[in-house]
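For reference, the structure is listed below as structure tokens.
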Amino acid sequence: MKILAVAGSNSETSINKLLVSYAASLIENAEVEVVDMNDFEMPIYKHQREVESGLPQEAKDFVAKIDGANLLLVSLPEHNGTYSTAFKNVFDWVSRIKDRTVWNEVPMLLMSAAPGARGGAGVLEAATKRFPFHGGNIVETFSLPFFNDNFDKSAQKISNEEKDNELREKIKKIATIESILEK
């Protein structure tokens, strides 16, 4: 099984990258690629720019990674109640590719980690509503609030037993979906 793990952050110290990497490590016998949003940095989307210059190669490269995956693990930071600018710009460019949807119906575990009590509830709500219009096949969602209290950075895992068990159950469910295994 090929897993594409996406942390929708361009921060070198992203807690969402830690979460998505940990989630990916829970799936046995999987080939995992954790993408760095910095590898897909493009000019800010503008229609006139698209008309004049076409689609950036980075948008096409991001799509190729999605299309090569059996499962998407996507963990989004919350910036002012919604997506980070780095993620939103990639999303905007990819959405402009003719005759395709952004997520191409690849099964997805959508997550968010945050230092506060809401655990990225705003970005999860925005993505849960928006992604299905762009080929998002969201099978499960997971939120990790109070990241600094619930994640052991030195051990690279969730330290809160209840939240860890919740994630493991969701991973177990999504990793056994027949459609993932058939791809």
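Structure data summary
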quantity: Residue check for F147: crowded, with 20+ Cβ neighbours inside 10 Å and farther than 16 Å from V6 by Cα; calculated: yes
quantity: The listed residue being open to solvent by less than 10 Å² (accessible area, probe 1.4 Å), modelled with pLDDT under 95 and touching an Asp or Glu at 6+ places or on another chain (Cβ under 9 Å), out of I174, I158, I180; calculated: I174
quantity: Selected residue [touching a residue at least 12 places away in the same chain (Cβ under 8 Å) and among the β-branched types (V, I, T)] from V51, V35; calculated: V35
quantity: Residues of region 119-146 classified as within 12 Å of the chain's Cα centre (by Cα), farther than 23 Å from K172 by Cβ and part of a loop (DSSP other than H, G, I, E, B), total; calculated: 0
quantity: Entirely in region 1-87, the strands (runs of 3 or more DSSP E) that have 1 or more residues that are open to solvent by 20 Å² or more (accessible area, probe 1.4 Å), modelled with pLDDT of 95 or more and aliphatic (A, V, I, L, M); calculated: 31-35
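The values are calculated or read from the model by the stated rules, or taken from the named source; none is laboratory data. The model shown is predicted, which means the values in this text are computed figures rather than measured ones. Glycine also receives a Cβ, built like all others from the backbone with ideal geometry; neighbour counts cover every protein chain displayed. Accessible surface areas use protein heavy atoms only, side chains included; no ligands, DNA or RNA. Shrake-Rupley method; radii C 1.70, N 1.55, O 1.52, S 1.80 Å.
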